[in-house]
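Enquirer: Below is one structure. I have some questions about it.
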Amino acid sequence: MSTGTRPAPARIAGPLTRTVVAAVAALALTACGGGTGGSAPEADSASSSGAGARSAAFPVTVEHKYGSTTIEKEPKKVVTLGLSDQDAVLALGVEPVGVVDWFKEKPYGKWPWTKELWGSDTPEIVGERDEYNMEKIAALQPDLVIAQYSGMKKEQYDTLSKFTEVVAQPKDYPDYGAPWEAMTRQIGKALGKDDQAEKLISDIGARFERVRDEHPEFGKLTLAVADSFEAGKYSAFTSTDPKAIFFKDMGFELKPEIDKLARPGWNVAELSAEKLNVLDVDRLVWVTAGTDADDRVKAEPLYRKLKVSQDRRDLFVPYQDPDIGAAFSFNTVLSIPYAIEEITPLLTAVR
C-alpha cells in the first residue's frame, strides 16, 4: 500500500527526459491551440451566463515555491497533483478533471468524505504521488494545475507551465509540510474563492476548538504518531506531517525529539527497535496497514518494555476499513470532520 507517509516522498520523482518534454509541448499546442487559449470561449460563456460574480475575482496572482502565477480567468478545467488537493477543490465546488492516486484506491470512489461530491463524475488518474503523466495532463487541456500537498520539482513545473497555469506548493514550507490552512488558502485564491476558503477554514477551526473545549485533558498529554512498514523498522512522524498536525490541532503536545531525529526534509524519523523509547509518550497512535503490522509491533520485546505499551495507552488505528488513518493523513477541510468523529472516542477510551 502506498500511503504517502514514507520518508521524503518528494524524492520519488525522477527527471523528465527531453523526449517527454517535447511530446508534451507538441500535444499541448495541438490540443489547446497554443497554451490555454482553447478554454477561453468556455470562460467567456460562463461569465455571460451569470457567473460574473465569481469571475470578477480575476485576474489573481498566487505566489508559490517557484515564483508566482497569474490566473486571468476563472478556471473551468482543473487538475490537482497534490496527494490530497482534490479535497479542498471539491469543497469549493469544483470537480477536478484529473487527479493523482495516493493509496492505490480510486480517489473519487473510496473516501467517505468526498464520495458524494464526486457523484458520477470520474476524473482521469494522471499520476501516482510525484510521478506525473504529462501527456495525460496536456490531453485534458486544463486551465489550471494545482500542486499543494506535493513534491513537484522545478523541471516538472516548467514542463507544465508550457501549456497551462500552475500553482505549485507553498513557498514558506518544506514539501509536504504546509498546514492545511495554508494549502486551502492557496487553492481558494487560485480558484477566485477566497471568501469561501476562509469560511471553510473558520468552520474547521471551530470544530477543533470544540474538541479542545470538551477535552481539556488533551492539552496536558504528549502524543506521537508512528507506523511500521517492515519488521524491525519504525517511523515516527514529525511536526510537519499532516497526521501530527491533526493531533496538535486537537490539543495534544507533540514531542520535539522526534523532529530532531528526522533527516532534513523528511516527514518521519526512522527508528530502530533500540530507539523506540522516543515513543514513550502519554498517547501513542500507531497507524498501520493492518492487524499483521499491529501484532508485529506489539510483539517487539523492546516495545513491550515501554510504559505506554504496558499501560495500554497506545492505539492501533487502520489507514483503511474504516478509513480513520487515511482521514487524518489527508487532514483536509473535508476529511478532518470525519477524522475527529472517528478518533475522538478512541482517544477518550484510553485511561
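A short reminder: the numbers here are calculations on the coordinates, not readings from a lab. Remember, it's a predicted structure, so these values are computed and weren't measured experimentally. Here Cβ is always computed from backbone atoms with ideal geometry, including for glycine, and neighbour counts include all displayed protein chains.
Enquirer: Highest mean first, what order results for 214-223, 316-325 on Cβ atoms within 10 Å?
Expert: 316-325, 214-223
Enquirer: Given 0.36 nm per residue, what is the gain on full extension from residue 212 to residue 162 after removing their alpha carbon distance, in nm?
Expert: 13.3 nm
Enquirer: Now, a different point. What FRET efficiency do you get for residue 57 and residue 101 if R0 is 30 Å and r is their Cβ-Cβ distance, rounded to the nearest 0.05?
Expert: 0.45
Enquirer: Okay, moving on. Once you have the Cα-Cα distance between residue 196 and residue 263, take 0.36 nm times their residue separation minus that, and quote the gain in nm to one decimal.
Expert: Net length gain for the segment: 20.4 nm.
Enquirer: Sticking with this structure for a sec: Please compute the net charge surrounding residue 152, taking Lys and Arg as +1 and Asp and Glu as -1 over other residues with Cβ under 10 Å from its Cβ.
Expert: 0
Enquirer: So, in nm, how far is label residue 311 from label residue 72 when the simple model puts each one 7 Å beyond its Cα toward the Cβ?
Expert: 6.3 nm
Enquirer: Kindly flag which residue pairs out of 65/248; 76/189; 275/298; 65/104; 76/104 have an alpha-carbon separation exceeding 19 Å in this structure.
Expert: Violating the 19 Å Cα-Cα cut-off are 65/248; 65/104; 76/104.
Enquirer: Compute the separation of the alpha-carbon centres of the range 128-172 and the range 69-120 and state it in Å as a whole number.
Expert: 14 Å
Enquirer: Given the peptides 207-213, 146-152, arrange them by the average over their residues of other C-beta atoms within 10 Å, most packed first.
Expert: 146-152, 207-213
Enquirer: Right, next: Starting from a Cα-only point model with no solvent, please compute log10 I(q)/I(0) by Debye for the range 226-351 at q = 0.09, 0.14, 0.15 1/Å.
Expert: Relative scattering, expressed as log10 I(q)/I(0), comes to -0.23, -0.57, -0.66.
Enquirer: Placing one identical point scatterer on every Cα of the range 63-140 and ignoring solvent, what is log10 I(q)/I(0) from the Debye formula at q = 0.13, 0.18, 0.27 Å⁻¹?
Expert: -0.40, -0.77, -1.43
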